[in-house]
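Chemist: Pasting a structure here, questions to come.
The values are calculated or read from the model by the stated rules, or taken from the named source; none is laboratory data. Quick caveat, the model's predicted, so the values are computed rather than measured. All Cβ positions, glycine included, derive from the backbone under ideal geometry; neighbour counts span all protein chains shown.
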């Protein structure tokens, strides 16, 4: 009898420990999702405001920054937007246990090139060498971001077949749309706005979908008897708070 009682106690403790572990992960993933969604929405707003200070059909982001005395704003925009996209991509990689190390490096390198392109002065008649560095850095940003994103999009398509069509559509919107605008309008602010808008909105969609899916999966083990999933999740966090208060 004593052995059976002890086994039951140990089982109960283990189950409680597992429950707390799941609750901790749920809470962490909720916070990460809120953080990256906030960053992306802010980056989207910042990009729209900065890119339309001047006529985007006439002036690129570089010209707005270098020819209209907005260099400091250009640099701040590049840092904030680059870091926001990088943070989101790394968070999604980790969420999906995507372990291709070179993809992480490509994302980090892309951010460095975006910031470099903003820091270097780009007025051809005054700084021809720096202008070329700016142009090359901007091009390499797009290249390395694509090299980091494309394999991950294929990975998600394999792991989540229901997202395959949506991801294909988004890939076409981002890359075909960007290349098409270059041919139609040339190197303009519209082309740059399109590129950043579509990437950020796609990451918003992907973040919302993948984090929601993971939260639901983690919740299933704790909500088998709950008729309402949302109410059940709230109960999980309420009980988790009580557990934390007792453990203090």
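Chemist: Can you name the residue in segment 174-192 that is under 24 Å from residue 83 (Cβ atoms) and surrounded by fewer than 19 Cβ atoms within 10 Å (Cβ to Cβ) and, of all such residues, is modelled with the lowest pLDDT?
Modeler: 178
Chemist: Pick out the one residue from 208, 143 that is part of a helix (DSSP H, G or I) and either under 15 Å from residue 85 (Cβ atoms) or in contact with a helix residue (DSSP H, G or I) (Cβ under 6 Å, 6 or more places away or on another chain) (or both).
Modeler: None of the other options fit; the residue is 143.
Chemist: Assuming residue 63 fulfils every condition listed in (1) closer than 16 Å to residue 186 by Cβ; (2) touching a helix residue (DSSP H, G or I) at 6+ places or on another chain (Cβ under 6 Å) apart from one, which condition is it?
Modeler: The number of the failed condition is (2).
Chemist: What are the residue pairs meeting all of these: first residue in segment 134-147, first residue on the phi < 0 side of the Ramachandran plot and buried (at least 20 other Cβ atoms within 10 Å of the Cβ), second residue outside any helix (DSSP H, G or I) and at pLDDT below 95, Cβ atoms under 6 Å, and 6 or more apart or on different chains?
Modeler: Filtered contacts from segment 134-147: 134/120; 134/122.
Chemist: Answer yes or no as to whether residue 152 is farther than 19 Å from residue 170 by Cβ, touching a residue at least 24 places away in the same chain (Cβ under 8 Å) and in a helix (DSSP H, G or I).
Modeler: Taking the combined requirement at face value, the residue does not satisfy it.
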